[in-house]
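See below for the structure under consideration.
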Amino acid sequence: MANIDLDKSVTSVVKLLKQRNLTISTAESCTGGLLSEMITSVSGASEIFELGICTYSERIKHEFLGVPMEEIEKYGVVSEQVALSMVRGLKKRSGADICVSVTGIAGPSGGTPEQPVGTVYIGFDICGEQFVKLPKLWELEDRSRDNIRRCAADFAFKEIEKKITEAKQ
């Protein structure tokens, strides 16, 4: 994961979505709109991009995406449960074919022994299939804030590309 080509990943995803006539939306926390920025940097993105929302605070995750406050209190904002609730709320709000949510600790502070810097949960709803992935970004040699955010985005785009490519046409 150390050698990423984020531009290539996102360009490939936008091209695939256009070919398959699919739309995408994002709900981001620790990536701060990076996924949306990358998607819209590709020519023709207006054909496939529905919504990009940066839900940084717990209140906004709750109010805009419907993440239950009890869930945030019980599991923490950086959790598989919250990533899944975020993506479900995004699907409800946007109706996009592909929805992706990101919540995590990009650092350099905020990490704990249980959740080190680089703990990032990425929620997906890909044509109705909902799941959460936890890339092991805490294992990166470069755990700078920028690199963690870029690697999280790259992971998300590669996962979307893989799932869409595997799906029957």
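Summary table
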quantity	calculated
Test: residue in the range 99-108 that is touching an Asp or Glu at 6+ places or on another chain (Cβ under 9 Å) and of a type in the set (S, T, N, Q)	yes
Of all residues making up the range 33-44, the number that are assigned to a loop (DSSP other than H, G, I, E, B), surrounded by fewer than 16 Cβ atoms within 10 Å (Cβ to Cβ) and either touching a residue at least 24 places away in the same chain (Cβ under 8 Å) or β-branched (Val, Ile, Thr) (or both)	2
Any hit, the range 68-81, residues being within 20 Å of residue 131 (Cα to Cα), part of a loop (DSSP other than H, G, I, E, B) and in contact with a His (Cβ under 9 Å, 6 or more places away or on another chain)	yes
Members of the range 25-53 that are within 15 Å of residue 106 (Cα to Cα) and among the hydrophobic types (A, V, I, L, M, F, W, C)	30, 34, 35
Qualifying positions in the range 54-72 - within 19 Å of residue 107 (Cα to Cα) and in contact (Cβ under 8 Å) with a residue 12 or more places away in the chain	54, 55, 56, 58
Selection within the range 4-32 - of a type outside the set (Ser, Thr, Tyr) and part of a helix (DSSP H, G or I)	6, 7, 8, 10, 13, 14, 15, 16, 17, 18, 19, 20
Qualifying residue in the range 53-66 (condition: part of a loop (DSSP other than H, G, I, E, B) and of a type in the set (Phe, Trp, Tyr))	yes
Scope the range 144-153; condition surrounded by fewer than 21 Cβ atoms within 10 Å (Cβ to Cβ) and either modelled with pLDDT under 95 or within 20 Å of residue 40 (Cβ to Cβ) (or both); matching residues	146, 150
Residue within the range 112-127 that is within 21 Å of residue 39 (Cα to Cα), assigned to a loop (DSSP other than H, G, I, E, B) and over 13 Å from the mean Cα position of the chain (by Cα) present	yes
Residue in the range 45-65 that is surrounded by the most Cβ atoms within 10 Å (Cβ to Cβ), counting only those that are among the β-branched types (Val, Ile, Thr) and under 16 Å from residue 24 (Cβ atoms)	48
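Okay, residues lined up against (1) touching a residue at least 60 places away in the same chain (Cβ under 8 Å); (2) farther than 17 Å from residue 55 by Cα; (3) of a type in the set (Lys, Arg); (4) surrounded by fewer than 23 Cβ atoms within 10 Å (Cβ to Cβ):
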| position | (1), (2), (3), (4) |
| --- | --- |
| 74 | no, yes, yes, yes |
| 78 | no, no, no, yes |
| 82 | no, no, no, no |
| 92 | no, no, yes, yes |
| 100 | yes, no, no, no |
| 104 | yes, no, no, no |
| 112 | no, yes, no, yes |
| 124 | no, no, no, yes |
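The values are calculated or read from the model by the stated rules, or taken from the named source; none is laboratory data. The shown structure was predicted, so the numbers you read here are calculated from the model rather than taken from an experiment. Here the Cβ is made from the backbone with ideal geometry for all residues, glycine too, and neighbour counts use every protein chain on show.
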